[in-house]
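Okay, so here's the structure we're looking at.
The values are calculated or read from the model by the stated rules, or taken from the named source; none is laboratory data. Keep in mind that this is a model prediction, so the values were computed, not measured. Positions of Cβ are backbone-derived with ideal geometry, glycine not excepted, and every protein chain shown enters the neighbour counts.
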Amino acid sequence: MARTTKALTTTRTAPERLGVRKTYKLYVGGKFPRSESGRTYEVTDAKGRFLANVAQGSRKDAREAVVAARAAQATWAGATAYNRGQVLYRVAEMLEGRREQFVAEVAAGEGLPVRQAELAVSEAIDRWVWYAGWTDKVAQVAGSANPVAGPYFNLSSPEPTGVVVVLAPQRSSLLGLVSTIVPPLVTGNSVIVVASERRPIPAVTLSEVLATSDVPGGVVNVLTGFTKELAPPLASHLDVNAIDLAGAVGAEGVTWGEVEAAAADSVKRVLRPAPGRRGEDAEPDWTEAPRPQRILAFTETKTVWHPKGV
Amino acid sequence: MTTTASTAGSPFEYAPAPESRSVVDIASSYGLFVDGEFTPASDSGSFKTVNPATEEVLAEVAEATEEDVDRAVRAARRAQEKVWGPMPGRERAKYLFRIARLLAERSREFAVLETLDNGKPIRESRDVDVPTAAAHFFYYAGWADKLEHAGYGPDPRPHGVAAQVIPWNFPLLMLAWKIAPALATGNTVVLKPAETTPLTALLFADLLRQAELPPGVVNIVTGARATGSALVNHPDVDKIAFTGSTAVGKRIAKEIAGTRKHATLELGGKAANIVFDDAPVDQAIEGIVNGIFFNQGQVCCAGSRLLVQETIAEELVERLKARLGTLRVGDPMDKNTDVGAINSPQQLARITELADAGTAEGATRWSPDCELPSSGYWFAPTLFTGVSAAHRIAREEIFGPVLSVLTFRTPAEAVAKANNIPYGLSAGIWTEKGSRILWMADQLRAGVVWSNTFNRFDPTSPFGGYKESGYGREGGRHGLAPYLIEGSTY
């Protein structure tokens with residue numbers, strides 16, 4: 001047991017000292033509640049050794065997260081793009097400070113050698129920085145001044161879609177997580193993330209980073225638990241505007257088509273999992289260079305008209 | 001035929017100014033346009049299309065079966081792989097320019113046919129529908145050989161076969177919105193026009209013959225809901241573009257869930273047209289009238305909820321009533337007509353049912369004194385005052401010439417009321433204060449915000465909704481995205 005404790009803490013303790021373990025909780029509205037259901041489930045490392053008992057979020061926890069995300073969204077979207085960029089960049093600074101912890105967690109959860117886990121963590125932090133720099137550029141790349149045939153000012157610009165649910169990738173527990181939750185944050189969406197079912201620990205640690213960052217409470221909400229239990233109520237929730245189905249691939253008892261169908265009744269924007277090389281359902285290689293399409297998937301183009309005249 | 005009570009006997013009475021019907025030849029029957037040829041339906045089935053202003057049968061039109069749809073999709077696939085996809089962009093561009101020019105050349109024919117089949121005033125089909133349709137082809141023609149500069153990567157690729165299902169309110173214009181960007185990007189098309197308005201699409205097929213567009217690049221399958229469903233659910237369709245009701249849009253989204261088909265959905269709306277106490281009132285009145293009575297209110301982005309600042313509500317409603325009294329309702333072929341016929345008895349029944357619900361729920365109903373023609377489908381311009389946000393006429397899309405008037409006190413209240421609805425297609429703002437316009441425009445959750453104007457459309461300007469009004473944009477550079485693999489997110 002001493003060995004696992006060591007794997008999940010950054011402090012180097014004397015072998016005889018018994019480590020102080022953490023209670024893993026949800027992150028909703030800037031607070032760390034237990035699941036209202038009182039349930040937890042056991043998470044192990046890649047070799048099946050006990051790592052933690054993690055909160056098993058319920059439908060009700062999911063609904064609470066939607067309320068928190070909705071309440072926080074307008075303020076986040078209302079911040080200037082420059083400010084959102086700074087706030088997100090600050091998160092990357094704090095991720096850097098937790099490097100060792102993330103490396104240990106990624107190595108344990110994904111069964112990677114330390115060297116590879118370090119690469120994944122470095123890539124995740126750099127990716128966070130890449131996205132942070134997009135906040136005040138998206139509108140320039142994705143917007144347009146439209147030369148209409150008449151005396152009108154006509155401008156189109158992207159706006160956040162609103163409340164976005166992210167089913168985080170099942171395999172890539174930090175790089176995949178960062179690659180899916182930051183793009184919607186860039187433009188001012190709030191996010192409810194359903195963490196990787198079997199590898200949720202980096203997501204919980206990330207929520208601790210977010211809680212001490214300048215990202216307002218409720219802008220990111222982290223649910224741990226079973227994807228098959230949490231995805232359906234979130235997909236059909238009327239106050240959720242969009243859903244990223246990345247983590248529907250490889251989740252037990254879930255097919256992404258069913259989740260997409262549940263999202264249809266409220267005309268949600270659905271980002272499907274990208275097909276694998278042979279068209280199969282497979283988690284993508286998250287080390288590939290990101291494109292702004294993931295940001296744009298959670299935006300709405302607004303076009304404003306006004307007459308010109310003296 | 002065209003009457004307005006308030007002007008009868010006044011010096012401003014208009015003499016009839018009928019457009020000539022003889023400029024267009026309507027065949028007694030039409031087949032499906034598949035692979036460059038007109039063919040009957042596989043089971044020889046057909047339906048009638050009528051002039052909604054007179055109930056006269058205009059033509060018999062083939063009703064495409066699943067087998068016919070399959071034939072059309074195969075033709076489109078062949079044409080995409082063999083001809084249209086490999087064709088250099090600049091050659092595709094020239095075909096589209098040709099189509100734009102042919103539409104302009106034959107504009108009067110198209111305008112008359114549109115008015116006969118749809119019931120909209122000739123003034124609108126002549127001045128809006130047909131010229132804007134031609135402009136759409138002209139705009140997207142120029143994109144066909146510039147796609148690598150559109151912001152979707154160095155070599156953006158088409159999806160393949162686009163299935164397009166369009167509504168009856170702007171039959172030719174919606175056809176143009178759908179076909180022009182699809183062809184410009186190298187997709188081929190199977191298009192299903194609305195059951196009640198198939199004729200301009202079939203005349204467009206004749207225009208394609210003149211343009212010498214290769215067979216199979218555009219296929220037109222007429223029919224009703226079953227035909228549309230067969231098309232959307234055909235396994236070899238790559239991209240779906242649908243304009244119509246939110247209910248059908250949801251069904252389509254559900255049907256294609258779990259497939260790799262991409263979709264653009266342009267669905268319903270319930271736009272708030274917001275008038276502040278400092279608004280330019282004369283312009284606002286014209287904007288309100290245009291917002292809800294243009295095309296008999298059968299417009300997804302119609303300004304069907306008038307939100308008036310409380311201090312000017314009484315005066316504005318009086319002036320609005322005076323203006324409605326001058327609207328000329330009647331013969332759509334008369335060039336003086338402002339408000340034409342409702343497109344179908346089904347639509348008339350829906351408008352009637354919702355307007356009756358308005359009365360039953362306690363709102364006050366008013367219409368100008370106008371005599372409606374004895375045959376055809378008609379609904380007088382109607383105004384409801386004393387409407388609360390909970391009333392059905394404030395929440396549901398009526399798709400008819402019915403305006404619900406609500407009031408507000410502060411800008412924040414106007415925003416809250418405007419946004420408190422599942423739809424988010426369009427909105428209007430009327431005020432002389434620039435900073436307020438921009439603040440309001442930021443707050444409104446709608447894809448198109450018209451300030452001190454309403455119901456303006458342009459091929460360069462992206463159009464589409466937030467929330468349950470659908471997703472994807474049509475028009476402008478944004479309108480290319482859903483037809484390109486690299487541009488598609490949904």
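Please specify each residue of the stretch B:334-348 satisfying the condition of being in a loop (DSSP other than H, G, I, E, B) and of a type outside the set (A, V, I, L, M).
Across the stretch B:334-348, the qualifying residues are B:Lys335, B:Asn336, B:Thr337, B:Asp338, B:Gly340, B:Asn343, B:Ser344.
Answer yes or no: is there a residue in the stretch B:91-100 that is assigned to a loop (DSSP other than H, G, I, E, B) and modelled with pLDDT of 95 or more.
No, every residue in the stretch B:91-100 fails to be assigned to a loop (DSSP other than H, G, I, E, B) and modelled with pLDDT of 95 or more.
Would you confirm whether or not the stretch B:425-441 contains a residue that is over 22 Å from the mean Cα position of the chain (by Cα), at pLDDT 95 or above, aromatic (Phe, Trp, Tyr) and surrounded by fewer than 19 Cβ atoms within 10 Å (Cβ to Cβ)?
Pass one, the stretch B:425-441, residues over 22 Å from the mean Cα position of the chain (by Cα): B:430-441.
Next, from what is left, pick out any that are at pLDDT 95 or above: B:430-441.
The next check asks that each one be aromatic (Phe, Trp, Tyr); those that pass are B:430, B:439.
Add one more test, that the residue is surrounded by fewer than 19 Cβ atoms within 10 Å (Cβ to Cβ), and what stays is B:439.
Yes.
Quick one: A:Ala211 ticks every box in (1) within 29 Å of A:Val87 (Cβ to Cβ); (2) touching a helix residue (DSSP H, G or I) at 6+ places or on another chain (Cβ under 9 Å) except a single one, so which number is it?
(2)
Go through the stretch B:425-438 and count every residue that is under 14 Å from A:Val304 (Cα atoms), in contact with a helix residue (DSSP H, G or I) (Cβ under 7 Å, 6 or more places away or on another chain) and of a type outside the set (D, E, K, R).
Residues flagged as under 14 Å from A:Val304 (Cα atoms), in contact with a helix residue (DSSP H, G or I) (Cβ under 7 Å, 6 or more places away or on another chain) and of a type outside the set (D, E, K, R) within the stretch B:425-438 amount to 5.
Residue check: is B:Arg319 within 22 Å of the chain's Cα centre (by Cα) and of a type in the set (D, E, K, R)? Walk me through how you get there before you give the answer.
Details: within 22 Å of the chain's Cα centre (by Cα): no; of a type in the set (D, E, K, R): yes.
Taking the combined requirement at face value, the residue does not satisfy it.
Inside the stretch B:446-458, can you point out the residues that are within 8 Å of chain A (Cβ to nearest Cβ) and not hydroxyl-bearing (Ser, Thr, Tyr)? Break it down into steps so the answer makes sense when it comes.
Applying the first criterion (within 8 Å of chain A (Cβ to nearest Cβ)) to the stretch B:446-458 yields B:446-453, B:456, B:458.
Matches in the stretch B:446-458: B:Ala446, B:Gly447, B:Val448, B:Val449, B:Trp450, B:Asn452, B:Arg456, B:Asp458.
Yes or no, residue by residue, for (1) under 26 Å from A:Val240 (Cβ atoms); (2) without any contact (Cβ under 8 Å) to a residue 24 or more places away in the chain; (3) not assigned by TED's automatic domain parsing to the domain that holds B:Ile292:
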{"residue": "B:Ser404", "(1), (2), (3)": "no, no, no"}
{"residue": "B:Arg409", "(1), (2), (3)": "no, no, no"}
{"residue": "B:Pro422", "(1), (2), (3)": "yes, no, no"}
{"residue": "B:Leu444", "(1), (2), (3)": "yes, no, no"}
{"residue": "B:Asp458", "(1), (2), (3)": "no, no, yes"}
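Considering A:Gly225, A:Gly218, which residue is more than 10 Å from chain B (Cβ to nearest Cβ), touching a Leu at 6+ places or on another chain (Cβ under 9 Å) and surrounded by 23 or more Cβ atoms within 10 Å (Cβ to Cβ)?
Working: A:Gly218 fails: touching a Leu at 6+ places or on another chain (Cβ under 9 Å).
Only one candidate passes the filter, namely A:Gly225.
Pick from B:Gly249, B:Gly297: which is assigned by TED's automatic domain parsing to the domain that holds B:Asn420, surrounded by 20 or more Cβ atoms within 10 Å (Cβ to Cβ) and out of contact with any Asp or Glu (no Cβ under 7 Å at 6 or more places or on another chain)?
Working: B:Gly249 fails: assigned by TED's automatic domain parsing to the domain that holds B:Asn420.
B:Gly297 is the lone residue from the list that is assigned by TED's automatic domain parsing to the domain that holds B:Asn420, surrounded by 20 or more Cβ atoms within 10 Å (Cβ to Cβ) and out of contact with any Asp or Glu (no Cβ under 7 Å at 6 or more places or on another chain).
Matching residues to (1) in contact with a strand residue (DSSP E or B) (Cβ under 6 Å, 6 or more places away or on another chain); (2) free of Cβ contacts under 8 Å to residues at least 12 places away in the same chain; (3) hydrophobic (A, V, I, L, M, F, W, C):
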| site | (1), (2), (3) |
| --- | --- |
| A:Phe153 | yes, no, yes |
| A:Thr161 | yes, no, no |
| A:Gln170 | no, no, no |
| A:Leu175 | no, no, yes |
| A:Ser179 | no, no, no |
| A:Val186 | no, no, yes |
| A:Val194 | yes, no, yes |
| A:Glu197 | no, no, no |
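Just to be sure before I move on: is B:Ala481 more than 8 Å from chain A (Cβ to nearest Cβ), crowded, with 24+ Cβ neighbours inside 10 Å, at negative phi and not charged (D, E, K, R) in the structure I sent? Show your work before the answer.
Details: more than 8 Å from chain A (Cβ to nearest Cβ): yes; crowded, with 24+ Cβ neighbours inside 10 Å: yes; at negative phi: yes; not charged (D, E, K, R): yes.
For B:Ala481, the condition - more than 8 Å from chain A (Cβ to nearest Cβ), crowded, with 24+ Cβ neighbours inside 10 Å, at negative phi and not charged (D, E, K, R) - is met.
Considering only the stretch A:115-160, state which residues are among the polar types (S, T, N, Q) and either crowded, with 24+ Cβ neighbours inside 10 Å or more than 30 Å from A:Asp285 (Cβ to Cβ) (or both).
As a first pass, look at the stretch A:115-160 and keep what is among the polar types (S, T, N, Q): A:116, A:122, A:135, A:140, A:144, A:146, A:154, A:156-157.
The answer is A:Thr135, A:Ser144, A:Asn146, A:Asn154, A:Ser156, A:Ser157.
Any chance you could count how many residues in the stretch B:85-135 are closer than 30 Å to B:Leu348 by Cα, of a type in the set (A, V, I, L, M) and surrounded by fewer than 20 Cβ atoms within 10 Å (Cβ to Cβ)?
Final tally of qualifying residues: 1.
Residues that are without any contact (Cβ under 8 Å) to a residue 60 or more places away in the chain, over 18 Å from the mean Cα position of the chain (by Cα) and within 14 Å of chain A (Cβ to nearest Cβ), at least 3 per element: which strands (runs of 3 or more DSSP E) completely within the stretch B:195-284 meet that? I'd like the intermediate steps shown before the answer.
Details: elements: B:218-220, B:239-243, B:262-266, B:272-275.
In the stretch B:195-284, no matching strands (runs of 3 or more DSSP E) lie anywhere.
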